[in-house]
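Here's the structure, in structure tokens; my notes come after.
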Amino acid sequence: MFGSDKKKVGERKDTERSLISETVSIDGTVNSSGSIDIAGLIKGPVISKEVVIKDTGSISGEIEADRVEIFGHLDGKISAENVVIGSTGVVKGDIEFSQNLRTEDGADIEGYIKKSSGAGKKESRSAGDFLFSKKSSDDKRSKKNGKPSTVVNKDTKEVLV
């Protein structure tokens, strides 16, 4: 009876989520203290607690968030604690995460991936600091059993696929 309308620990309120629908296009910086679902187009940086790019969504710019899920298109860098790239997700830019990175089968990533020591820390970044690098499909490498060869640079920990 009393307190039944109170929010339980860990439960999300719908009012904390914002939707940028398919019919919306934004040119500029987007800031939110809550969560944003993006089905439309954003040209500019997005800073939020959680960012979800839906299948129809696209961002051309940086994302800074605690959690990022991409099922649409991103042309820019990600800085987050947790990152999920869905099977329909396309990322053309670097990914820096501090806790978890998950990619589903079919995810397309073209950029460097780096696990940092802590979220929100601004560190100097160079190509040698990143864990993985996916080269473009025109990069011809020898194949064994129909699979591309993998080369690991032990100095920079860069993986070339």
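Tabulated data for the structure shown
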read-out	value
Paramagnetic reach from R17 (point 7 Å along Cα→Cβ, amide N under 20 Å) across the range 88-110	88-89
Least to most buried among L41, L19 (fewest other Cβ within 10 Å first)	L19, L41
In the range 58-113, GluC sites (Glu not before Pro) in a DSSP loop with at most 13 other beta-carbon atoms within 10 Å	E104
Inter-label distance, nm, simple model (7 Å from Cα along the C-beta direction), V24/K92	2.5
Fully extended contour minus Cα-Cα distance, from T56 to S117, at 0.36 nm per residue	18.7 nm
Nonlocal amide H pairs with G89, under 5 Å, H built at 1.01 Å	D108
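A short reminder: the numbers here are calculations on the coordinates, not readings from a lab. Predicted model only: the values in this text are computed from it and were never measured. Reconstructed Cβ throughout: ideal geometry from the backbone, glycine too, with neighbour counts over all protein chains shown.
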